[in-house]
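Beneath this line is the structure, given in structure tokens, with notes to follow.
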Amino acid sequence: MELLRSPGAMRAWADARRAGGARIGLVPTMGYLHEGHVSLVRIARERGCGAVAATIFVNPAQFGPGEDFDKYPRDEARDLAMLSEAGASAVYLPGVPDMYPEGFQTYVEVTGASQGLCGASRPGHFRGVATVVAKLFLAAKPHVAVFGEKDFQQLAVIRAMARDLDFGIEIVGAPIVREPDGLAMSSRNAYLKGDDRIAARCLSRGLFRARALFDGGERDAGTLVAAAREEIAGEPLAKLEYAEGRDPRTLAPLEGRVDAIAVVVAAKVGPARLIDNITLRD
Ligand code: AMP
């Protein structure tokens, strides 16, 4: 597994892989890896990528003032061991000055998909995400890039960007990997201690309640979303940020009778801001 620490090294690796006829898969992460991240590497391999590059970069441009950029958990040695075990061919670990040298002034803005949900409470967040992912795409020149459905809105933003800017990259969405009790795996779960960790189950519990209703024949968007919202609102240690029903593909808000719906939720539990979602369809 090759370690690449600058955009130039990343580009050289990608050019050599392309010249050798390899299909390149890209898995962007912020590190402090868990089974969810590992699953993305596996999916890239299953999609026929003979060369899979994972990236580890805690991107300052997607954190707002007062957010957890400085506290974000980091463990490079453990991450590299996990990626090697998962079968990654290369890991790109640029430093902040490599990605944002002095005088940096170019950003990518995806208008529609960035609005509402997490975009409402984290102004500038998706601009930071789109910008860094565009830079990763240009350096790693992947054929395929894999992103988790856990970050549902992020996936929609990246799909829109890849399409609108003609990146010619296949964007693959990967299923959410959960802890045995239902909590969606996240690097930020490291912030959850004691009662907060137990309380954090309310997000997935709410989504599973919506799924049980859907499986029982319920098709009213408002009723499905209310089931999730009530479960989170009923947990004293959780502070609900949003619970909404969206079109799984376009992210358009949904009301009334639905055939397919993504129920998307966000809540603060102790020091952790958590997001989760579930897609329900016939
Ligand atoms: P992060 O390191 O949190 O920025 O996540 C890097 C990538 O892993 C993103 O595409 C996430 O959507 C994905 N990811 C994070 N958590 C999970 C999970 N529990 N299941 C599947 N994918 C995930």
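The values are calculated or read from the model by the stated rules, or taken from the named source; none is laboratory data. If you're wondering where the values come from, they're calculated on a predicted model, not measured in any experiment. Virtual Cβ from ideal backbone geometry, glycine too; neighbours counted across all protein chains shown. SASA here: full protein model, heavy atoms, side chains in, ligands and nucleic acids out. Shrake-Rupley method; radii C 1.70, N 1.55, O 1.52, S 1.80 Å.
Restricting the search to the range 1-17, which residues are outside any helix (DSSP H, G or I), loosely packed, with under 15 Cβ neighbours inside 10 Å and either at positive phi or not hydrophobic (A, V, I, L, M, F, W, C) (or both)?
GLU2, ARG5
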Flagged in the range 122-158 as outside any helix (DSSP H, G or I) and more than 11 Å from the ligand (Cβ to nearest atom), in numbering order, are ARG122, PRO123, GLY124, LYS141, PRO142, HIS143, VAL144
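Can you name the strands (runs of 3 or more DSSP E) wholly within the range 230-282 that have at least 2 residues being more than 21 Å from the chain's Cα centre (by Cα)? Quick ask: steps written out before the conclusion?
Numbers: elements: 238-246, 260-269, 272-281.
Fully inside the range 230-282 and qualifying: 238-246.
Name the residues in the range 11-30 that are in contact with a Pro (Cβ under 8 Å, 6 or more places away or on another chain) and either within 16 Å of the ligand (Cβ to nearest atom) or at pLDDT below 95 (or both), would you?
Matches in the range 11-30: GLY25, LEU26.
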Every pair of residues 6+ apart whose Cβ atoms lie under 9 Å, when the first sits in the range 5-17 and is under 17 Å from VAL144 (Cα atoms) and among the acidic types (Asp, Glu) while the second is open to solvent by 40 Å² or more (accessible area, probe 1.4 Å) and not in a helix (DSSP H, G or I)
ASP15/LYS141
Restricting the range 18-48 to residues that are small (Gly, Ala, Ser) and outside any helix (DSSP H, G or I), the one farthest from GLU149 (Cα to Cα) turns out to be GLY20
Members of the range 49-73 found to be more than 23 Å from ARG127 (Cα to Cα) and open to solvent by 20 Å² or more (accessible area, probe 1.4 Å), listed by number
GLY50
Can you confirm whether the range 99-111 contains a residue that is more than 24 Å from ALA266 (Cα to Cα), open to solvent by less than 30 Å² (accessible area, probe 1.4 Å) and assigned to a helix (DSSP H, G or I)?
yes
Residue under question is ALA51, and the condition is that it be under 20 Å from PHE167 (Cβ atoms) and without any contact (Cβ under 8 Å) to a residue 60 or more places away in the chain; does it hold?
yes
Would the range 76-93 turn up any residue that is without any contact (Cβ under 8 Å) to a residue 60 or more places away in the chain, part of a loop (DSSP other than H, G, I, E, B) and either open to solvent by 20 Å² or more (accessible area, probe 1.4 Å) or more than 14 Å from the ligand (Cβ to nearest atom) (or both)?
yes
